[in-house]
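Nothing in this text is a laboratory measurement; each read-out follows from the coordinates by a stated rule. These figures come from a predicted structure and were not determined experimentally. All Cβ positions, glycine included, derive from the backbone under ideal geometry; neighbour counts span all protein chains shown.
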Amino acid sequence: MNNYLKQLGTISLLLLSVHYPISAQVVPDTTLPNNSVVIPNGNTIRIEGGVTNGKNLFHSFQEFSLNAGSEAFFNNSVDVQNIFSRVTGKNISQIDGLIRANGTANLFFINPNGIIFGPNAQLNIGGSFVASTANSIRFEDGSIFSATNPNTTTSLLTVNVPIGLQFGSNSPGKIEVQGSNLAVQTGQTLALVGGDLTISGSTNPQATGLTAGGIPLVLNQGNFVPTTPGGRIELGSVTQGEVSFSNSDRGLVFDYLNAQSFGDIQLLNNARVDTSGTGGGEIQIQARNLRLSEGSRLSSFTLGDLPGGAIAVNTSESVEIVGTGGYEENVLKFVTGTVTLSDLINGFFTLTFGAGKAGDIKINTPNFLAQNGSYIAASTFGGEGGNITIDTSDVLQLSAAFIATGTGVNAVGDAGEITINTRRFFAENNGLITTSSFGVGKGGNLTLNASESIEISSGNPIPLSPTARAFGGVFTSGLGMGDAGELRINTKQLTLRSGAALAASSFAQGQGGDIIIKATEFVELEGNSADGQLLSAITSVTEPGSLGRGGNLTIETDRLILRDGGRVSIRSRGTGDAGNLIVQANSVLMNNEGGLEGTSASGEGGNITVRSRTLQMRNNSFISATAGTEGGSGNGGNINIDTNTLVALENSDITANSVASQGGKVTINAQGIFGIQYRLTATPNSDITATGGTPALSGVVQINSPDVKATTALVLLAENFTDLSDQIVSGCSVASNNTFVITGRGGLPEDPSQILRSSTVWRDLRAVGDQEMGGNNSTSEILPSPQQSPVPSRQSRIVEATGWVKNADGKVELITQSTMQNFWYRPLRCPGF
């Protein structure tokens, strides 16, 4: 912090002019009733004249440029509130000197051709400074002060309040800041609003970049300390439309609702945009694309008792932060609270080092990308932390980058909240979102909403302490006396790979946070980190040495898939109890050591509830509510399973054991259970156990499943088989080698009066004596009369049917060989005939 204050202290030194031979081009035009007057005096150009109307002063120039060492001094009366200056010529304004004005007047400078601020450019004004490549300034009464269409009519030089910058159909010029040190006082605004903006930093260690507020500085015990709150910085890139503005307690506030299209803003080469002070100031950025690279940052530090201001970023296409590496080292500094202000590069920062609340960070963009050591932080080392809200309509991606709120070791306030709204969220290479508390305050709540998907993969863990590691995922943590915050996830598809995690943890006296996950399609956890130290997991945990209770974990999804070590767990590795785990899914699939666990070292084991239509466990998967896992004496937790079908194969277990105390209770309500059964001790098979420290302390296993009688699905076969050989009618002459074979899917019938089960066939079940031949070579069925017994006419020889036809009534009749001789019919040929 001392280094940072020394840097801030150089502002007053940098405001001093360096004396060089004058070389400047400040040329007035003749478009005003009372033209501007330029009076050179050594290295200073004094600007007089112009038109004064009320408290507004108007100047107009053909050209306006300043070289290094020169100074443009607007010698206005002290009662002037606004100075309006325009460039009506065709040249870019190159400003590498000092611009100065009297009193507290706001200075508006517009040049549609473009504006370049060199490395020696500085400001010394009492009000706000607005540099723009807009065509004109609009006033409340509709009057226009135009640089592209200057008008000499005095009625246009109004006493009204300015309310907007107007951009025409032609592309506005660019604004460049080339290592400049541009600063305004507290309560004022530094605004750069034009076409594309490029802001470069400086290699000079005393350079401060763009600053608002915090000055004047005073020397206190060898350190320069800001004596005022931060001001306001506005960066806007507009290519067409109108930007309106109004007054606030921090200067001018800009509104882009009437802007029709936007340009790009770049911060590079260690660029600084800063509004720090006794209370942090505000920063607003509006663009099509915003890109920070090469160690650039937006920062608003609160160094006193006043609350900090917000950083607001709005883009129509993207926000990108590209860091300079050193990710693991900076994660360690942030998480352990040892970060210094000189470490805060490559990102957006609103931190508080005093009793005041840190400012909020708000980002609104379709696409957000942070990579290679990039950061967004709104943390506190004193009072309350700031909140972070990021709204991305398409994709938010983190790669070796983090988004964080937190409290330092000496902080008394709570950490701020984090809210992410996006369509798709990706994190890789230990990219993470975290809110944590090292002090007495609570860790912030964290909400991640992704309308389509969340996909997170980790790298190898970053060691923070003997008991703590950082890795890829989404976390809320209590590392001091404070509790961990709540973690909420809402999406369609949630995937964790390569050791990534969602966690709410407590490392000390606080309680673990609750986790609520709703994924309408699936939750999938698989695999481990490359070094094998991390498993993909969702966990609410209290770590070793902690005293608090673990939080609760709830998952609602259509499919929960845990494979290759994927875990969902509630754990207490300290003295507190584990929380409760509730899973509600259409199907739960576990394979290759996937598992649900509710374990505790010394406290009570966690309670696990699973409600699903199907629950499948394979290859050493498990559901465990075990206590005393690390030498403690807690009781086993309870397991409640409600499912239609439970399948557990290949040594997959359900356990509610206690190493030294009372075993828990396992209750299973299922329509069918396959491959697993209750046993007193674990075996190489799939087991249900609830063992205690001694046999007398064993728990309870209750299985509620409908009674299924196997005999109801079986058909009793006849004990005495009937010889069917005498019931076979041969169509051919008797031969010694004749055989009779029944084929088909149904197999042998149970008895001769039954048909094959799986085949639909027609069989005449009448006795042979009830059949009679009728007509010439035809068969007919004679039904007995209800009043009298049937009388057989005569014993007839049975003739084998060899075909069928439809008669005149549409009925099917079986016929012999002689009745049907046609082109497709082939008569039966028997041996010997």
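A few comments on the model shown:
- Out-of-range pairs (alpha-carbon distance over 28 Å; input Lys55/Lys362; Lys362/Lys492; Lys442/Lys518; Lys333/Lys357; Lys333/Lys442; Lys55/Lys357): Lys55/Lys362; Lys55/Lys357
- Residues Leu553, Leu464, Leu257, Leu197 arranged by fewest to most Cβ contacts within 10 Å: Leu257, Leu464, Leu197, Leu553
- Protection proxy ranking of 470-477, 383-390, 68-75, 141-148 - average other beta-carbon atoms within 10 Å, highest first: 470-477, 383-390, 68-75, 141-148
- Normalised contact order of the range 472-529, rounded percent, pairs of Cα under 8 Å and 6 or more residues apart: 43 percent
- 10 °C / 1.306 mPa s Stokes-Einstein diffusion coefficient of the range 123-190, Kirkwood radius on C-alpha pairs, µm²/s: 113 µm²/s
- In this calculation the C-beta distance from Asn151 to Glu329 is compared with R0 = 56 Å, giving a FRET efficiency of 0.40.
- Residue exposure proxy: Val243, Val322, ordered by other Cβ atoms within 10 angstrom of their Cβ from fewest to most, comes out as Val322, Val243.
- Couplings 3J(HN,Hα) of the range 199-215, computed from phi: 10, 9, x, 10, 7, 6, x, 8, 5, 10, x, 9, 9, 9, x, x, 10 Hz, in residue order, whole Hz [Karplus 6.51 cos²θ - 1.76 cosθ + 1.60, θ = phi - 60°; x for Gly and Pro].
- Contact order normalised by residue count of the range 413-537, Cα under 8 Å, 6+ apart, percent: 25 percent
- For Ser569, residues with placed amide H under 5 Å, excluding near neighbours: Ile538, Thr539, Ser540, Glu597
- Compared with the alpha-carbon gap, the fully stretched path from Thr227 to Gln584 is longer by 122.9 nm at 0.36 nm per residue.
- The modelled label-to-label distance for the pair Asn204/Asp564, using points 7 Å beyond Cα in the direction of Cβ, is 5.5 nm.
- Full-extension gain in nm, Leu547 to Glu813, via 0.36 nm per residue minus C-alpha separation: 86.7 nm
- Our coupling estimate for the range 59-74, obtained by passing each phi through the Karplus curve with A = 6.51, B = -1.76, C = 1.60 and θ = phi - 60°, is 10, 9, 10, 6, 9, 8, 9, 10, 8, 4, x, 9, 9, 9, 10, 7 Hz, Gly and Pro reported as x.
- Legend: P(r) of the range 220-302 from all alpha carbon pair distances, 5 Å bins from 0, whole percents, reading 4, 13, 18, 19, 19, 15, 7, 3, 2, 1, 0.
- Residues in the range 163-195 reached by a label modelled at Lys55 [backbone nitrogen below 15 Å; 7 Å Cα→Cβ]: 163
- Footprinting exposure proxy for Arg100, Arg571, Arg488 (fewest neighbouring C-beta atoms within 10 Å first): Arg488, Arg100, Arg571
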